[in-house]
Amino acid sequence: MKRVCILIVASFAGAASAALAAWVYEGQWGSKGSGEGQFDSPTGISVSRADRVYVADCYNDRVQYFTAEGDFLGTWGTEGSGNGQFNAPRCVAVSDEDIVYVTDGLNHRVQFFTRTGRFLGKWGTQGSGDGQFDSPTGIEVALTGVVYVSEGGNDRVQYFTPSGSFLGKFGSRGSGDGEFQNPYGLSVGPQGNIYVADMANHRVQYFTSSGSFLGKWGSMGSGNGQFYYAGRLAGAPDGVVFVTDYANHRVQYFTSSGSFLGKFGSRGSGDGEFEFPTGIAVSPAGDHVYVVDRDNARVQYFTYTTHVVPSSVGRIKALFK
């Protein structure tokens with residue numbers, strides 16, 4: 001595990017000093033492999049109220065969990081279709097009651113567990129009917145306990161009771177309002193609104209808790225507020241929405257209605273760089289953002305920092321003598 005903090009500096013002519021706020025790299029863990037704390041195409045992440053970090057380790061067909069700084073705590077799952085087994089687990093979500101929900105992608109179901117991995121139940125079979133799935137991707141649990149699941153194959157979102165009884169659905173294939181092309185990730189905002197990463201439409205849409213369309217933002221591109229495949233979402237306690245911008249190899253963040261606030265990351269394998277970021281999660285306190293860096297087989301985490309920096313270039317140079 002590695003902890004480093006990147007200091008960002010800037011100068012402002014005519015000002016004595018300036019405060020510069022940014023999400024900055026703080027640390028990472030993981031490498032390619034099948035050992036404890038290693039990953040093979042990790043795709044989903046969630047943080048519990050106790051700051052345990054759960055990661056869907058997709059090609060290793062398991063879930064691993066860690067402390068907030070990446071110390072290994074435990075794992076469960078093997079390849080298969082039995083209870084507690086997985087076939088490409090895609091995403092993970094932890095409820096306020098410490099129930100861990102996992103989208104079991106190629107088994108076309110959801111399984112749920114205690115915080116340490118004891119099997120509790122499952123629901124779903126392959127299909128397009130109510131309560132059936134075709135490649136479930138994202139999963140999130142509202143404060144009410146309602147479980148929302150996005151489906152790449154059926155281009156919709158379904159929602160359920162905590163034990164899997166069907167409650168409702170919304171969405172169909174297309175590019176209009178309320179339609180999707182491979183909805184990949186979702187998040188529940190502080191007011192109960194549902195945010196969906198509409199991956200192949202390169203946008204985010206948001207809805208009421210029962211699926212009524214409220215708004216959208218994004219288009220294909222690399223500019224601020226644009227996406228090259230919108231990946232997964234995470235909501236902060238203050239309503240800020242974080243989005244992994246998959247093929248732009250970065251994270252962007254927005255107000256709850258989609259106004260651009262900032263971004264971080266670029267393509268690479270260095271600290272704070274990404275190679276196809278997928279899952280993202282915000283700590284309960286809102287002070288850390290965790291990002292699954294898929295092709296670098298690791299998790300990186302970031303903190304929000306405000307630095308007071310001098311305006312004079314000469315004073316900046318003096319700091320590094």
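The values are calculated or read from the model by the stated rules, or taken from the named source; none is laboratory data. These figures come from a predicted structure and were not determined experimentally. We place every Cβ from the backbone using ideal geometry, glycine too, and count neighbours over all the protein chains shown. Note: areas computed on protein heavy atoms with side chains; ligands, DNA, RNA excluded. Shrake-Rupley method; radii C 1.70, N 1.55, O 1.52, S 1.80 Å.
Could you give me the ³J(HN,Hα) list for region 188-193, computed from phi with Karplus coefficients 6.51, -1.76, 1.60 and θ = phi - 60°, whole Hz, x at Gly and Pro?
Couplings: 10, x, x, 8, x, 6 Hz.
What do you get when you divide the Cα radius of gyration of the chain by 2.2 N^0.38 Å, with N the number of residues? Please list the in-between numbers first.
Working: Rg = 19.6 Å, N = 321, 2.2 N^0.38 = 19.7 Å.
For the chain, the normalised Cα radius of gyration is 0.99.
Go ahead and estimate [θ] at 222 nm for the chain from helices alone: -39,500 (n - 2.57) per DSSP H run with n ≥ 4, summed, over the residue count, rounded to 500.
-500 deg cm²/dmol
With Cβ to Cβ distances under 9 Å as the rule, what net charge do the other residues near residue 56 carry (K, R +1; D, E -1)?
+1
Give me the Debye-computed log₁₀ of I(q)/I(0) at q = 0.22 Å⁻¹ for region 219-273, equal point scatterers on Cα only, no solvent, two decimals.
Per q value, in the given order, log10 I(q)/I(0) is -0.79.
Please turn the phi angles of region 72-82 into ³J(HN,Hα) values with the Karplus equation 6.51 cos²θ - 1.76 cosθ + 1.60 (θ = phi - 60°), one per residue in order, whole Hz, x for glycine and proline.
Using θ = phi - 60°, the values come out as 5, 10, x, 7, 8, x, 9, 6, x, 10, x Hz.
Given axes a ≥ b ≥ c from the Cα gyration tensor, I'd like to know whether region 172-321 is rounded (a/c under 1.5), prolate (a/b larger than b/c) or oblate.
Verdict is prolate for region 172-321.
Sequence-distant or interchain residues sharing an amide H contact under 5 Å with residue 202, placed H: which?
Those qualifying (amide H under 5 Å, at least 5 residues apart or on another chain) are 229, 230.
If the elastic network links every pair of Cα atoms under 10 Å, which of 247, 197, 93 fluctuates the most in the Gaussian network model of the chain?
Evaluated over the chain, the most mobile residue of the options is 247.
Which length gain, in nm to one decimal place, applies between residue 59 and residue 266 when the Cα-Cα distance is subtracted from 0.36 nm times their residue separation?
Result for the pair: 72.1 nm of gain on full extension.
Along the principal axes of its C-alpha atoms, what lengths does region 140-224 span, in descending order and rounded to whole Å?
Computed over the Cα atoms, the extents are 40, 27, 18 Å.
What aspartates and glutamates does residue 32 reach when the alpha-carbon gap must be under 20 Å and sequence neighbours fewer than 8 apart in one chain are set aside?
40, 57, 61, 69, 71, 79, 271, 273, 275, 293, 295
Once amide H atoms are built 1.01 Å from N in the peptide plane, which residues 5 or more positions from residue 214, or in another chain, come under 5 Å H to H?
HN-HN under 5 Å from residue 214: 206, 207, 208.
Find the accessible area per residue for the chain; the probe is 1.4 Å, ligands and nucleic acids are left out, and the unit is Å².
40 Å²
Which of the peptides 50-58, 155-163, 263-271 is most tightly packed, and how do the rest follow, judged by the mean count of other Cβ atoms within 10 Å per residue? Don't skip to the answer; put the middle values down first.
Details: 50-58: 22.9, 155-163: 19.2, 263-271: 15.0.
So the peptides 50-58, 155-163, 263-271, ranked by packing, come out 50-58, 155-163, 263-271.
Taking the Cα-to-Cβ direction at residue 49 and at residue 128 and moving 7 Å from each Cα, how far apart do the two end points lie in nm?
4.0 nm
Using the per-residue mean of other Cβ atoms lying within 10 Å as a proxy for protection, in what order, highest first, do the peptides 173-185, 292-304 fall?
Per-residue Cβ counts within 10 Å, averaged per peptide and sorted highest first, yield 292-304, 173-185.
Roll a 1.4 angstrom probe over the protein heavy atoms and tell me the percent of accessible area of the chain that is carbon or sulfur. Walk me through the numbers before you get to the answer.
Working: 6090 of 12790 Å².
Summing carbon and sulfur atoms, their accessible area is 48 percent of the total for the chain.
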